[in-house]
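In what follows, a structure is listed as structure tokens, so that the remarks can point back to it.
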Amino acid sequence: MGKTKAKILLLTALALLLMVAPGSPQGWPPPPGPYPSGPAGPAVLPFQAVEAWIFQFTNEIRQSHGFAPLSRDETLDALARAYCEDMLRRRFFSHSTPEGIAPKDRVIAAYPGTIYRLGENIWKGFNQNLDDPPRLARFIVDGWMASPGHRDNIFGPYFTHMGLGVAVMGRDIRAVQILVDLKGKNRP
């Protein structure tokens, strides 16, 4: 079996797991392994309050610049959260996993044949104040707005939906924003 087929099968299985996760407390499964063996480290905790503020701030910025607001998508949220958790647990920070699985590979497995455009913003922080979710969310969004590539994603006129994940492990924080065109209305 070729590398591409193996990736597609793995990602399809992951997407199915992400869509059906009755046993997990948050309704989201753990990110895909493998994880280094050894004693368990600190727990990875989702930070949904910050996700909600990032969603609001992103849409406020888009609308203030004449772009349509994005809809939130539960499946994209699950993918974003799983990727945050994976980056924290395996201690990497990149748009691609250590195995080379890119954002399009992760997302297309959940939406085969329906993604027309895709963008991903990621962020990492350390020792941030977790007691003020709006302030932390603003800090994350401001960081993306200061980066031309991330800003272009936020202002992508063709995007229709957004998924968000923010997770904390100890003093480390990761945020993932997935932006997609699920409808294909605005393709050039």
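The values are calculated or read from the model by the stated rules, or taken from the named source; none is laboratory data. Just so it is clear, the model here is predicted, and its values are computed rather than measured. Calculation scope for accessible area: heavy atoms of the full protein, side chains included, ligands and nucleic acids excluded. Shrake-Rupley method; radii C 1.70, N 1.55, O 1.52, S 1.80 Å.
At a glance:
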{"read-out": "Residue match in the range 164-171 (condition: farther than 23 Å from Phe67 by Cα, modelled with pLDDT under 95 and charged (D, E, K, R))", "value": "yes"}
{"read-out": "Test: Phe57 is modelled with pLDDT of 95 or more, open to solvent by less than 80 Å² (accessible area, probe 1.4 Å) and not in a helix (DSSP H, G or I)", "value": "no"}
{"read-out": "Of residues in the range 84-131 being at pLDDT below 90 and of a type in the set (A, V, I, L, M, F, W, C), the one nearest to Gly156 (Cα to Cα)", "value": "Ile115"}
